[in-house]
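Colleague: Following this message is one structure expressed as structure tokens.
The values are calculated or read from the model by the stated rules, or taken from the named source; none is laboratory data. Here the structure is a predicted model, which means the values were calculated and not measured. Positions of Cβ are generated from backbone atoms using ideal geometry, with glycine treated the same way; all protein chains shown enter the neighbour counts. Accessible surface is based on the protein model in full, side chains and every heavy atom, while ligands, DNA and RNA are left aside. Shrake-Rupley method; radii C 1.70, N 1.55, O 1.52, S 1.80 Å.
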Amino acid sequence: MTYITKALLPVLLAAILALATPAAAVDGDLALVGGKVYPSPTSQPVSDAVVLVQAGKIVAVGKRAEVSVPKSAQVVNCWGKVIVAGFWNSHVHFETGWEDSTHAPTDKLEPHMQEMLTRWGFTTVWDLGSDPQNTLAIRRRIEAGELPGPKILMAGDIFPKNGHPVYLPAELQLPEAATPEEAEQMAQQYLKLGLDGIKLFTGAYMGNKPTVNMDTAIVRAAVDVAHAKGKPVFTHPQNRTGVDNALAGGVDILAHTIPTEGQYTPEELARMQQQHTALIPTLTLWTTVVQDPLVADRLVQAGVDELQSYFSQNGIILFGTDVGFQSKYDTTQEFELMGRAMPWRDVLASLTINPAAFFKATSTGRVEKGMDADLVVLNADPATDVRNLAKVACTIRAGKIIYGK
Ligand SMILES: [Zn+2]
């Protein structure tokens, strides 16, 4: 008897609450009505659809005539709009504008979060190196429900000895590994701190001086620590040697293309494919690193060529822009540049199913029953123009609207 009473109690409470507040939506109970849904990049769209969300999960997706909307649900009118899964940005930094995030007031952080991430549809992001304590504070405030924002995953940076990149402040203390043992210790410390991955500077940019590369043995030591815990390793490669040492050391993700090298070699492409290495193109970044527009155009074209060469060999592509380091928050240009190398459905895959599969976040990436309610409502169809992936009306994470109405 006691058992039955206990089991019924939440049901009764829910019923009482529903009676007491008939107009208010039960938390997380959301119905997106009338839009065109792309359940995944590979499936046919469902027009005039309903996406029903309860307790942070998608509980139904179907034609409007086939899905009944509970009276308690908050209805979002999506007529004329397009619904896709929440986007991943697999290369961001919480640097510029995120100083002292432990104490900064929420009303200062929230507009910046929108401007940089949520208004572009991002529901999951990888911070590839910032002050870890600062990003941990942002993550805590988001997860406490205090600051609307994406799920944040974090990688800890390791630099080669005497490889302090010229674009980082000289006074900043950076973890430089001179030996495999040092890299091992640094990687262990990061994972103990609660970080989700490691990022190695297998090539550090030194301005007029030659790039400083990380030895393969040091790469391998950090990779072994991360892989033993099931964590991924990213690399900032900078040049060809940086790519080759990263691949030889077993790194999982190239966090940039290497446009100054022009192209990957056939051997590099074969090895990337064989090792299931993922590539984050960061093409917009190449428009921001040099003054001369002709040089920038050449870098961008080389980046597009590299992306195309790996994509055409069925390489894994992950979307990422390096925002927070660079300040072109608008994703339109990245979509346009990626669209030169691959069809729009594959660009959508780089934002959704590819990172979900690669990082084993299998409850995200699709608009299907049972998945997390991470959703983006677009004002226009990406099938007609890939740049429409940047026309975000509304971003929803775990059933909560974190941007838009
Ligand atoms: Zn970066």
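Colleague: If you fit an axis through the alpha-carbon atoms of helix 106-116 and take the longest principal axis of the Cα set of the chain, what angle between them do you get, 0 to 90°, nearest 10?
Modeller: 70
Colleague: Kindly state, to the nearest 0.05, the FRET efficiency for Gln308 paired with Lys209, given R0 = 35 Å and r defined as their beta-carbon distance.
Modeller: According to the calculation, E is roughly 0.65.
Colleague: A further question follows. Convert each backbone phi in segment 278-286 into a coupling constant with the Karplus relation 6.51 cos²θ - 1.76 cosθ + 1.60 (shift: θ = phi - 60°), then list the ³J(HN,Hα) values in order as whole Hz, x for Gly and Pro.
Modeller: 9, 10, 9, x, 6, 6, 4, 3, 5
Colleague: How big is the antiparallel share of DSSP beta bridges in segment 153-218, given as a percent to the nearest 5?
Modeller: Restricted to segment 153-218, the bridges split so that about 25 percent are antiparallel.
Colleague: For the chain, calculate the relative contact order in percent as a whole number, restricting contacts to Cα pairs under 8 Å that are 6 or more residues apart. Each step should come with its number before you reach the end.
Modeller: Details: 899 pairs, mean separation 78.5, N = 405.
Rounded, it is 19 percent for the chain.
Colleague: Moving on to the next point. At a Cα cut-off below 29 Å, give the lysines reachable from Lys63, other chains included and same-chain residues fewer than 8 away excluded.
Modeller: Once the sequence-local lysines are set aside, what remains near Lys63 is Lys36, Lys71, Lys81, Lys369, Lys391, Lys400, Lys405.
Colleague: Hey, what D do you get for segment 148-278 in µm²/s if you plug the Kirkwood alpha-carbon radius into Stokes-Einstein at 4 °C and 1.567 mPa s?
Modeller: Rounded, D is 87 µm²/s.
Colleague: With only alpha-carbon atoms counted, please give the Rg and Dmax of the chain, in Å.
Modeller: Taking only Cα atoms of the chain, I get Rg and Dmax of 22.4, 79 Å.
Colleague: Please sort 178-188, 340-350 by packing, taking for each peptide the average over its residues of neighbouring beta carbons within 10 angstrom, highest first.
Modeller: My ranking of the peptides, most packed first, is 340-350, 178-188.
Colleague: Place a +1 charge on the Cβ of each Lys and Arg in the chain and a -1 charge on the Cβ of each Asp and Glu, then give the dipole magnitude about the Cα centre in debye, rounded to the nearest 20.
Modeller: 1480
Colleague: Right, something else. Straight distance only, please: which aspartates and glutamates reach the Cα of Lys151 with their own Cα at less than 15 Å, same-chain residues fewer than 8 apart left out?
Modeller: The qualifying aspartates and glutamates are Glu110, Asp127, Glu143, Asp196, Asp372, Asp374.
Colleague: For a paramagnetic label modelled at 7 Å from the Cα of Glu368 toward its Cβ, which residues of segment 98-125 fall within the zone defined by backbone nitrogen distances under 13 Å?
Modeller: none
Colleague: Per-residue HN-Hα couplings for segment 34-43, Karplus 6.51 cos²θ - 1.76 cosθ + 1.60 at θ = phi - 60°, whole Hz, x for Gly and Pro?
Modeller: So the Karplus estimates, Gly and Pro as x, are x, x, 9, 9, 9, x, 7, x, 9, 9 Hz.
Colleague: Leaving ligands, DNA and RNA out of it, work out the accessible area of Asp107 with a 1.4 Å probe and give it in Å² to the nearest 10.
Modeller: Roughly 120 Å² of Asp107 is accessible to a 1.4 Å probe.
Colleague: Can you divide the C-alpha Rg of segment 266-308 by 2.2 N^0.38 Å and report the result to two decimal places?
Modeller: So the Cα radius of gyration is 1.37 times the expected 2.2 N^0.38 Å.
Colleague: A further question follows. Compute, for segment 110-161, the length of the dipole vector about the Cα centre, with Cβ point charges of +1 (Lys, Arg) and -1 (Asp, Glu) only. Units Debye, rounded to 20.
Modeller: Result for segment 110-161 is approximately 120 debye, rounded to the nearest 20.
Colleague: Can you tell me the dipole magnitude for segment 354-402 around its Cα centre, using point charges on the Cβ only (Lys, Arg +1; Asp, Glu -1), in Debye to the nearest 20?
Modeller: My answer is approximately 140 debye.
Colleague: Ok, one more. For Lys209, go through the lysines and keep the ones whose alpha-carbon is under 28 Å away, minus same-chain ones fewer than eight residues off.
Modeller: Lys161, Lys199, Lys328
Colleague: Excluding Asp244 itself, calculate the net charge of residues whose Cβ lies under 12 Å from the Cβ of Asp244, where each Lys or Arg counts +1 and each Asp or Glu counts -1.
Modeller: Spelling it out: positives minus negatives among the neighbours equals -2.
Colleague: Let me ask you something else. Taking the Cα atoms only, what angle lies between the long axis of helix 293-311 and the longest principal axis of the chain, rounded to 10 degrees?
Modeller: With both axes taken from Cα atoms, the answer is about 70 degrees.
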